[in-house]
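K.L.:
Handing you a structure now.
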Amino acid sequence: MTQSADTAPETGSPLAQFPMRRTCPFSEPREYAEMRTDNPVSRAALKVNGKTTWLVTRHEHVRQVLGDSRVSSNLKLPGYPHQFPIPEEMLAQVRLMLLNMDPPEHTAQRRMLIPEFTARRVKEMRPRIQEIVDEHVDAMLAAGGPVDLVTALALPVPSLVICELLGVPYEDHAQFEEWSAAMMNHDLSPAEYGAAVQALDMYLDKLVTLKENEPGDDLISRFLEKNHAEQVADHVDVVTMARLMLVGGHETTANMIALGVLALLRHPDQMAELQADPALLPNAIEELLRVFSISDSGTARVAVADIEVGDVTIRAGEGILALNNAADHDESVFPDPGTLDIHRKEARSHLAFGYGIHQCIGANLARVELEAVYGTLLRRIPGLRLAATPDELRFKDDAMVYGVYELPVTW
């Protein structure tokens, strides 16, 4: 007999709360492992509002949910598991972005964006990405250590790349990075969150208007040109799309760069292997992506029909968080999942980029950026080491995207 939200066993008394903190930088939250074993589809209370949602923790179940047409990404639907304190009056005015659209609207907009992120297109961008990386590594070497790798390399590289791709002036990066960081913070008040979104949208509204009148050689201009014929988006839709691309295009990769470097510095034997054989780097990147799976937040869903996941019936209207971080530590798929292993054969089975129709559209770009940064550091600064004790590092337990605030390094 299947269980419903009214009969399913709880993960604790009272209900466990989401989000949960990682026990160490290279692990998932302790509760995830317990859930996978004892209660893989279980309930939790969202810290932001106390509402109940389902947590799905096994690899097979996460894939099932993310690939099921009976679940929706629409954050306006009742039961959607919001992780920000969005007042009802604000929610009514929210314009859905690609991440929160369902077909056919999602299909139409994504189809127009896919050509910008194909493997071929990203390969064409590789020389410029490498040039950006080299310029920042040059500056690091000229300044001498210690430096904060986050501000010196991890943040500016993807920020510059996404700015050039979108046609956003990089001289404005400090301001939009501040708004972006605020929007990622779980602890923000509704007023603070709304102010950050509004400020960034006002900035992007002016930029999109400019490109409507004076198009350039950039993604936003090309999207606008296609849209003249396709008519799949209005002006506000384009602003919202630009916000998603700008924030998502630098926040995730910047955090992954810093965490990946930290992981390699904490595993010097594997770092030495990569320096000796750069051909190992692509698989190492997949393993780093698996280990950290830096965001569970992009996999929020709400059931629009009853579905069975494992031995649980999730009813229409109930929220679901398909936890890719938990899935990427599933022992049945990844033996000894808490161990970093750059030779892991199963590494590419990770769900760090999501799964299904909402799988991260920028995955190819992120991989190229990570390969350029890690490869350059391994080659040009072989003596790179931490300039702080691990206990001194501050991790982003309060953010939608996991990372480290500063990473002091020297050589």
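The values are calculated or read from the model by the stated rules, or taken from the named source; none is laboratory data. In this text, all values refer to a predicted model and were calculated from it rather than measured experimentally. A quick note on method: Cβ atoms are made from the backbone with ideal geometry, for glycine too, and the neighbour counts reach across all protein chains shown. What goes into the accessible areas is simple: the full protein's heavy atoms, side chains included, and nothing from ligands, DNA or RNA. Shrake-Rupley method; radii C 1.70, N 1.55, O 1.52, S 1.80 Å.
K.L.:
Identify, by number, the condition in (1) closer than 25 Å to GLN64 by Cα; (2) at pLDDT below 95 that ASP391 doesn't meet.
P.N.:
(1)
K.L.:
Separate question: Restricting to the range 198-217, what's the tally of residues that are part of a helix (DSSP H, G or I) and over 24 Å from ILE86 (Cβ atoms)?
P.N.:
So the count comes out to 7.
K.L.:
From the list ALA174, ALA182, which one is assigned to a helix (DSSP H, G or I) and surrounded by 13 or more Cβ atoms within 10 Å (Cβ to Cβ)?
P.N.:
ALA182
K.L.:
Still on this structure, please answer the following. Return the total of residues in the range 299-336 being within 25 Å of ARG21 (Cα to Cα), of a type outside the set (Asp, Glu) and open to solvent by 30 Å² or more (accessible area, probe 1.4 Å).
P.N.:
Of the residues in the range 299-336, 3 are within 25 Å of ARG21 (Cα to Cα), of a type outside the set (Asp, Glu) and open to solvent by 30 Å² or more (accessible area, probe 1.4 Å).
K.L.:
OK, next. If we keep just the residues of the range 73-106 that are touching a Ser or Thr at 6+ places or on another chain (Cβ under 6 Å) and either open to solvent by 20 Å² or more (accessible area, probe 1.4 Å) or of a type in the set (S, T, N, Q) (or both), which is farthest from GLU331 (Cα to Cα)?
P.N.:
ARG95
K.L.:
Which residue pairs have Cβ atoms under 6 Å apart, sit 6 or more places apart or on different chains, and have a first residue in the range 147-173 that is over 25 Å from LEU113 (Cβ atoms) and a second that is of a type in the set (D, E, K, R) and open to solvent by 10 Å² or more (accessible area, probe 1.4 Å)?
P.N.:
From residues that are over 25 Å from LEU113 (Cβ atoms), the pairs are ASP148/GLU406; VAL150/GLU406.
K.L.:
Right, next: Taking only the range 18-30 into account, find how many residues are open to solvent by 50 Å² or more (accessible area, probe 1.4 Å) and outside any loop (DSSP other than H, G, I, E, B).
P.N.:
Count: 1.
K.L.:
With the requirement that a residue be open to solvent by 30 Å² or more (accessible area, probe 1.4 Å) and in contact with a Pro (Cβ under 8 Å, 6 or more places away or on another chain), what does the range 107-152 give you?
P.N.:
Correct list: ARG121, HIS136, PRO146, ASP148.
K.L.:
Could you pull out the residue among ASP269, ASP237, ASP277 that is of a type in the set (D, E, K, R) and within 25 Å of GLN93 (Cα to Cα)?
P.N.:
ASP237 is the lone residue from the list that is of a type in the set (D, E, K, R) and within 25 Å of GLN93 (Cα to Cα).
K.L.:
I've got another one for you. Would it be correct to say that ASP134 is over 23 Å from ARG367 (Cα atoms) and among the acidic types (Asp, Glu)?
P.N.:
In short, no.
K.L.:
Can we say ASP218 is among the acidic types (Asp, Glu), out of contact with any strand residue (DSSP E or B) (no Cβ under 9 Å at 6 or more places or on another chain) and open to solvent by less than 50 Å² (accessible area, probe 1.4 Å)?
P.N.:
yes
K.L.:
Count, please, the residues in the range 337-388 that happen to be open to solvent by 50 Å² or more (accessible area, probe 1.4 Å), in a helix (DSSP H, G or I) and touching a Phe, Trp or Tyr at 6+ places or on another chain (Cβ under 6 Å).
P.N.:
Qualifying residue count, the range 337-388: 1.
K.L.:
On to the next question. When you go through ALA195, ALA229, ALA242, ALA258 one by one, which is the residue that is buried (at least 22 other Cβ atoms within 10 Å of the Cβ), modelled with pLDDT under 95 and assigned to a helix (DSSP H, G or I)?
P.N.:
One residue alone meets the criteria, ALA242.
K.L.:
Checking ASP391 against (1) in contact (Cβ under 8 Å) with a residue 60 or more places away in the chain; (2) over 24 Å from LEU99 (Cβ atoms); (3) assigned to a helix (DSSP H, G or I), which test does it fail?
P.N.:
Among (1) in contact (Cβ under 8 Å) with a residue 60 or more places away in the chain; (2) over 24 Å from LEU99 (Cβ atoms); (3) assigned to a helix (DSSP H, G or I), the lone unmet condition for ASP391 is (1).
K.L.:
Inside the range 286-336, can you point out the residues that are of a type outside the set (Asp, Glu) and part of a helix (DSSP H, G or I)?
P.N.:
Passing the criteria: LEU288, LEU289, ARG290, VAL291, PHE292, SER297, GLY298, THR299, ASN324, ASN325, ALA326, ALA327.
K.L.:
Can you tell me which residues in the range 43-72 are in contact with an Asp or Glu (Cβ under 7 Å, 6 or more places away or on another chain), open to solvent by less than 30 Å² (accessible area, probe 1.4 Å) and part of a strand (DSSP E or B)?
P.N.:
Of everything in the range 43-72, those that are in contact with an Asp or Glu (Cβ under 7 Å, 6 or more places away or on another chain), open to solvent by less than 30 Å² (accessible area, probe 1.4 Å) and part of a strand (DSSP E or B) turn out to be TRP54, SER72.
K.L.:
Let me ask something else about it. Please identify the pairs in which a residue from the range 331-346 that is closer than 17 Å to ASP277 by Cα has its Cβ atom under 6 Å from the Cβ atom of a residue that is at pLDDT 95 or above and part of a loop (DSSP other than H, G, I, E, B), counting only partners at least 6 apart or on another chain.
P.N.:
none
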